[in-house]
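Worksheet for the structure shown next.
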Amino acid sequence: MSVAAELSFEVPRDERGPALSRAAVRDSFGGRISARELEDLLVIVSELVTNAVRYGSGEICVRARLEDGVVHGEVVDEGSGFERTVERCGIEALGGNGLPIVAALARRWGIHEGSSHVWFELMPDDAAAPVGPRRGEEHRPAERDELDEPAA
């Protein structure tokens with residue numbers, strides 16, 4: 001069991017927190033995992049740190065490690081916790097979509113009950129992992145005239 005990358009740092013409890021967290025994750029994991037995994041990891045960490053800054057209290061800590069191809073991560077603050085209910089908010093909502101985004105991108109995730117400690121796992125190219133929309137040419141649908149349409 002070899003650890004290829006490990007990260008642990010305190011996040012400032014202000015608007016810089018999410019951006020500093022993304023930069024630290026990119027520096028530690030860039031080139032060690034696929035571009036898709038790095039994109040997902042950046043989004044997950046950003047969402048969880050944003051939640052900790054907005055709704056938590058005390059110090060915020062981000063920890064992540066890459067071990068045997070799996071990224072294990074967590075964001076912890078000193079808050080008293082929150083309800084495990086994950087609600088879906090509409091596209092127009094200004095907040096409330098963080099945990100559903102984490103749920104869509106992570107292979108597994110959870111909350112240590114009674115705390116503000118959220119953990120997650122990302123697995124490389126796991127067929128069972130949730131797959132969300134992706135951007136880029138390779139993910140665009142075929143042009144209308146390229147589709148096989150039944151004769152009328």
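The values are calculated or read from the model by the stated rules, or taken from the named source; none is laboratory data. Everything numeric in this text was worked out from a predicted model, so none of it was measured. Backbone-built Cβ (ideal geometry, glycine too); neighbour counts: all protein chains shown. Side chains are part of the model used for accessible areas, which takes the heavy atoms of the whole protein and leaves out ligands, DNA and RNA. Shrake-Rupley method; radii C 1.70, N 1.55, O 1.52, S 1.80 Å.
Overview of values
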{"read-out": "For the stretch 1-80: accessible area per residue (Å², 1.4 Å)", "value": "50"}
{"read-out": "R0 of 22 Å, Cβ-Cβ distance Glu67-Ser34: FRET efficiency to nearest 0.05", "value": "0.85"}
